[in-house]
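The values are calculated or read from the model by the stated rules, or taken from the named source; none is laboratory data. Everything numeric here is computed off the predicted structure, so don't read it as measured data. Methodologically, a virtual Cβ is constructed for each residue, glycine included, from the backbone with ideal geometry; neighbour enumeration extends over all protein chains shown. Keep in mind that these areas ignore ligands, DNA and RNA; they rest on the heavy atoms of the full protein, side chains included. Shrake-Rupley method; radii C 1.70, N 1.55, O 1.52, S 1.80 Å.
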Amino acid sequence: MAAIENFENIYLDLSKESGKCRFAENGLGWKPAGGGEAFTLDQSNIGGAQWSRAAKGFEVKVLQRNSGVIQLDGFQQEDYERLSKIFKNWYSTNLEQKEHSLRGWNWGKAEFGKAEITFNVQNRPSFEIPYSEISNTNLAGRNEIAVEFAVGDGGKANGHNGASNKGKKATAGKDQLVEMRFYIPGTTTRKEAEGGDAGSDADEEKNAVTLFYDTLIEKAEIGETAGDTIATFLDVLHLTPRGRFDIDMYDSSFRLRGKTYDYKIQYEAIKKFMVLPKPDDLHCMLCIGLDPPLRQGQTRYPFLVMQFKSDEEVTLDLNITEEELEGKYKDKLQSHYEQPLHQVVTYIFKGLANKKVTAPAKDFTTHRQQYGIKCSIKASEGFLYCLEKAFMFVPKPATYISYEQTQSITFSRVGGAVSALSTFDITVVLKNGQGSSQFSNINREDLKALEDFFKLKGLRVKNEIDEDANLIAAAMRDEAMDSSEEEVVAPKADRGSADEDEESVDEDFQAESDSDVAEEFDSDHESSGSGSAESDVDNQVDEDEEDDEEPEEEERPKKKKKTG
């Protein structure tokens, strides 16, 4: 057997690009075909190997002694004999053949191994999940658990260093599995869950899903097992996502612990950190921008919004050594804090995440000398802040708009209504056809300050409110002139202002009423001789005028003929 064995068109883990795999007595290596950094694994770190059918042919899974897993995919079936001799002679390891279950069942048994969790169907593995790919887990229901997978920043398979590069393997493809949920009913013991490797409480019966959750947190090093907490803040109110969470801050990440959901967030994911005083002068909001966003089922949260009381004081000693404080965190953290709570949280986030803290621009304040403008996006009320380089609307939906992305800003009245004189809207149109955002129901007294601030920032501003006001004033002047002309032309219209139709009716009525009065007087005069009472005349007037006119006109000429 040669001192080196080479294999072409081999894929490392889930890499998009194939490469050359080389085996030697002192270990194995892989290098991408297009060039780049090579991956190597020392012979002393090879703890086991498995041969199975995979996506691109046959796969060799190498189990590392330090709990990592290496997947080499793309071998041919006839390569098994060569590889079996390589592992047996050079690495003193048997290349074990594994047949996966192909039944397609979605129920089975989950087993926790040294480096991965295996989902078995009829004692055959259906799929495996390496612990290094699991970023978080939550109890999503009474008997349901959600397992979240790491989301990286690109598919760099050649940068693999075992378990240290968490989530780097699965970032090559365009589409990526980000969450999987298991339904685990009933009760069980830790001894059954871990196959006999358990402590003194192994026989204690617990809820199966809770035991699965606790075991996975321990195996995948999620939460407190990832290291000692530097600081902890209890029962912090979060407006987005809504709820109260305990904040555990570690060296490279922080954790939000709630009653239902737990989140583990790397400091690298923090892109923005804003301190926003609330207009009520009683609370202060801390807004953290995340990329990738926080996920809760199908909902994504690109911003965390916390709320603190401005006058709430705290005394805190950091769980950190003097050597670390003088070395790694010099001029970034203090060992002791005794200040308002929101300031302490800000200082510690700034020191650990090494992010700049953004505050509202000093060049803008409302008519009440505050930084936040009360307004709404559609039906959601909140506060709009003018920062030095962007708009920020909180708490929900948290919206960040950079001034550089803004094409124009339009001030307009609410729906063009004349009655809404006390409020107005702002429409921010983004460049390159990226849409627009509208902030509604802003106090009219803040119009001048906003307009001046936008012009100071060099933004294009269009004020449609003044145009509407001019149009309304012109319309009111025209209406006043029309009404005055009517009064001059028709001073004889004593019955009030009326249109042409009403005037024609009045003229007819006036002509008829004159004749009616004469007829009624005549009839009344003649009927007085016949003994008719005044009540009869009143009843006659109350009747319909048209009906009364005809008989009276017919009777009058008859009477004249008799007297003639």
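Only residues that are in a loop (DSSP other than H, G, I, E, B), surrounded by fewer than 16 Cβ atoms within 10 Å (Cβ to Cβ), free of Cβ contacts under 8 Å to residues at least 60 places away in the same chain and at negative phi: list them for the stretch 303-357, please. Across the stretch 303-357, the qualifying residues are S310, D311, E312, T321, G327, K328, K330, K332, S335.
Looking only at residues of the stretch 131-146 that are open to solvent by less than 20 Å² (accessible area, probe 1.4 Å) and of a type in the set (S, T, N, Q), we find that the one that is nearest to T215 (Cα to Cα) is T137.
The set of residues in the stretch 24-49 being crowded, with 20+ Cβ neighbours inside 10 Å and more than 45 Å from the chain's Cα centre (by Cα) consists of L28 alone.
Please determine whether any residue of the stretch 344-367 is among the polar types (S, T, N, Q) and in contact with an Asp or Glu (Cβ under 9 Å, 6 or more places away or on another chain). Scanning the stretch 344-367, I find at least one residue that is among the polar types (S, T, N, Q) and in contact with an Asp or Glu (Cβ under 9 Å, 6 or more places away or on another chain), so the answer is yes.
Residues that are among the aliphatic types (A, V, I, L, M) and open to solvent by less than 40 Å² (accessible area, probe 1.4 Å) within the stretch 52-73 comprise A54, V60, V62, V69, I70, L72, listed in sequence order.
For the subset of the stretch 11-27 comprising residues that are touching a Lys or Arg at 6+ places or on another chain (Cβ under 7 Å) and at pLDDT 90 or above, which member is nearest to I129 (Cα to Cα)? Within the stretch 11-27, the match that is nearest to I129 (Cα to Cα) is Y11. Here's a check for you: in the stretch 166-194, which residue that is open to solvent by less than 50 Å² (accessible area, probe 1.4 Å) and in a loop (DSSP other than H, G, I, E, B) is modelled with the lowest pLDDT? Within the stretch 166-194, the match that is modelled with the lowest pLDDT is G167. Whether any residue in the stretch 275-296 is open to solvent by less than 60 Å² (accessible area, probe 1.4 Å), under 25 Å from F149 (Cα atoms), modelled with pLDDT under 90 and in contact with an Asp or Glu (Cβ under 8 Å, 6 or more places away or on another chain) is what I want to check. Scanning the stretch 275-296 turns up at least one residue that is open to solvent by less than 60 Å² (accessible area, probe 1.4 Å), under 25 Å from F149 (Cα atoms), modelled with pLDDT under 90 and in contact with an Asp or Glu (Cβ under 8 Å, 6 or more places away or on another chain). The strands (runs of 3 or more DSSP E) located wholly in the stretch 74-130 that include 2 or more residues which are open to solvent by 50 Å² or more (accessible area, probe 1.4 Å) occupy 95-97, 109-112, 124-130. Among the candidates A390, A398, A379, the residue that is within 29 Å of G433 (Cα to Cα), out of contact with any strand residue (DSSP E or B) (no Cβ under 9 Å at 6 or more places or on another chain) and hydrophobic (A, V, I, L, M, F, W, C) is uniquely A379.
Annotation note: Cβ proximity below 7 Å between a residue of the stretch 205-218 that is open to solvent by 10 Å² or more (accessible area, probe 1.4 Å) and a residue that is basic (K, R) (sequence gap 6+ or interchain) occurs for no pair. Against the test of being at pLDDT 85 or above, open to solvent by 30 Å² or more (accessible area, probe 1.4 Å) and not hydroxyl-bearing (S, T, Y), the options D235, D197 yield a single qualifying residue, D235. Is the stretch 404-418 home to any residue that is under 30 Å from D248 (Cβ atoms) and not β-branched (V, I, T)? No - not one qualifying residue is present in the stretch 404-418. Of the residues T423, T427, T365, only one is open to solvent by 20 Å² or more (accessible area, probe 1.4 Å), touching a Lys or Arg at 6+ places or on another chain (Cβ under 7 Å) and over 17 Å from V305 (Cα atoms); which? From the options T423, T427, T365, the qualifying one is T423. Taking the criterion of being open to solvent by 10 Å² or more (accessible area, probe 1.4 Å) and either free of Cβ contacts under 8 Å to residues at least 12 places away in the same chain or in a strand (DSSP E or B) (or both), the residues of the stretch 379-395 that qualify are A379, S380, E381, F383.
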